[in-house]
1. Considering the chain as a Gaussian network with a 10 Å cut-off on Cα pairs, which listed residue, Tyr112, Tyr79, Tyr59, attains the greatest mean-square fluctuation?
2. May I have the extent of the alpha carbons of the chain along their three principal axes, as whole Å values ordered from largest to smallest?
3. So how far, in whole Å, is the C-alpha centre of region 12-36 from the one of region 40-100?
4. With springs only between Cα atoms under 10 Å, which of Ser62, Ser84, Ser108 fluctuates most in a Gaussian network model of the chain?
5. Give me the compactness ratio for region 47-108, meaning the Cα radius of gyration over 2.2 N^0.38 Å.
6. Quote the accessible area belonging to Trp52 in square angstrom, nearest 10, computed with a 1.4 Å probe and with ligands, DNA and RNA left uncounted.
7. Output needed for region 20-79: three equivalent-ellipsoid semi-axes, defined as square roots of 5 times the C-alpha gyration tensor eigenvalues, in descending order, whole Å.
8. For the chain, modelled as a Gaussian network with Cα springs under 10 Å, which listed residue fluctuates most, Val78, Val11, Val47?
Amino acid sequence: VQLQASGGGLVQSGGSLRLTCAAARRTTSNNGMGWFRQAPGKEREIVAAIDWNGGRTYYINSVKGRFTISKDNAKSTVYLQMNSLKPEDTAVYYCAAALGSYLNTEESRYRYWGQGTLVTVSS
């Protein structure tokens, strides 16, 4: 599976962005998916995760109520809608596909990774 993340950019505090992760070579309709981020000087962390059919989602506390993860299995695409962005959301965002179909919050359970897209939020 090849994952291509896009949609990052520069946005002012309070603005919105939608990240897209499209799969190639193989469908991810049966995979749990996740969005991770890595800020400068910090370790990579999970931001949001979703199970194979979108029935279950997970968010870290700092993005709850502002970010929404969704999945379109017909297009083998996962999205991360980010609203009310804050400067502390600045990071490189990565999408990833887990080996299984369930919701996964542990990075070690993710097998396939996209190349990352940079999100910069100015104050």
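1. Its mean-square fluctuation being the largest, the pick is Tyr112.
2. Principal extents (largest minus smallest coordinate, Cα): 39, 26, 25 Å.
3. The two parts, judged by their Cα centres, are 7 Å apart.
4. Top of the fluctuation ranking is Ser108.
5. So the Cα radius of gyration is 1.12 times the expected 2.2 N^0.38 Å.
6. Answer for Trp52: close to 100 Å² accessible.
7. 22, 14, 9
8. Answer for the Gaussian network model of the chain: Val11.
The values are calculated or read from the model by the stated rules, or taken from the named source; none is laboratory data. Computed from a predicted structure; not experimentally measured. Positions of Cβ are generated from backbone atoms using ideal geometry, with glycine treated the same way; all protein chains shown enter the neighbour counts. Accessible surface is based on the protein model in full, side chains and every heavy atom, while ligands, DNA and RNA are left aside. Shrake-Rupley method; radii C 1.70, N 1.55, O 1.52, S 1.80 Å.
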